[in-house]
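Data first, discussion second: the structure below is written as structure tokens.
The values are calculated or read from the model by the stated rules, or taken from the named source; none is laboratory data. Since the structure is predicted, the reported quantities are computational estimates derived from the model, not experimental observations. Backbone-built Cβ (ideal geometry, glycine too); neighbour counts: all protein chains shown. The area values use the complete protein model at the heavy-atom level, side chains included, leaving out ligands, DNA and RNA. Shrake-Rupley method; radii C 1.70, N 1.55, O 1.52, S 1.80 Å.
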Amino acid sequence: MQLVLLTALGVGGATVIGAIIGFIFKKISHTFSDIVLSFAAGVMLSAAVLGLILPSVEYGGKYGLIITVAGVFAGALCLNLIDRLVPHLHKMVGGDIEPHHNADLGKVLLFVMAIAIHNLPEGIAAGVGFGSGDTSQALLIAGGIALQNIPEGMVIIGPMLAAGVKPSKTFIIAMLTGVVEVVGTLIGYFAVSIASAILPFALAFAGGTMLYVVSDEMIPETHAHGHERGATYALLVGFCVMLISDVLLG
């Protein structure tokens, strides 16, 4: 339990680290943000497949494949439903939202809400990973998610400051998006600990949410500014780094 709690704090704390970097570099270039976010997308893609979806098939036994497919689609549909029901703006990395007066503060907060919305299922994915009993795999999943949280924390600082939000409040808001992930991690861990029978479905569900985020948010964003070639290779590098880590630690 102590390791799970430390991991939860680490995953959420990655957003805070990103926020600190965001304060130092208030204007982040599209090239840099696209490369970093694509690398994180590759890591998350690999973590979803290797650490969540394939173990779901394995733990599901006779009906593992059916449970896994159902779980993947359930996770994606759940996140899609949240996208539709909760008003927010999709992630815009590298400064696409550049408000210069308080009237645009609502847009910025919707943008931040978009990040918070997706932090909850990502946290759940990290927590569910520990339910499998494979600590090294769970840490790899959490590490991949934490890596993705750093650029997220970076990009929410500039828009909020430009909208007139005080630096102290900006930092608190960024920190709260990380707290959402801590809560999600604990929810995922306790859910599979209390009812181990749901582990195969929970793993696939978490994997589905991660695939949804990568496909719906991260890849389109990194291909929207003319750096799609570099972004593609960065994604492949991230995927292979996670793959190598999984093989060496497995």
Heavy-atom accessible area of Leu65 with all protein chains present, probe 1.4 Å, nearest 10 Å²? 120
Any chance you could run the full-extension gain for Arg84 through Val183? It's 0.36 nm times the residue separation minus the Cα-Cα distance, nm to one decimal. 33.4 nm
Carbon + sulfur, % of accessible area of segment 191-250 - ligands and nucleic acids excluded, 1.4 Å: 71
Cβ-based net charge around Ala126, under 15 Å, with every Lys or Arg adding one and every Asp or Glu removing one: -4
For segment 145-250, size of Cβ-based charge dipole, Lys and Arg +1, Asp and Glu -1, in debye: 280
Rounded to the nearest 0.05, what FRET efficiency do Ser193 and Glu228 give with R0 = 51 Å and r taken as the Cβ-Cβ distance? Could you check? 0.75
Keeping the other protein chains in place, figure out the carbon and sulfur percent of the accessible area of segment 1-77, with a 1.4 Å probe. 80
Ranking request for peptides 145-153, 46-54, 220-228, 185-193: highest mean number of other beta-carbon atoms within 10 Å first, then the rest in descending order. 145-153, 46-54, 185-193, 220-228
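Below 15 angstrom from the Cβ of Gly12, what's the summed charge of the other residues (Lys, Arg +1; Asp, Glu -1)? If you can, show how the numbers build up before the last one.
Details: positive: none; negative: Glu122, Glu152, Glu181.
So the environment of Gly12 carries a net charge of -3.
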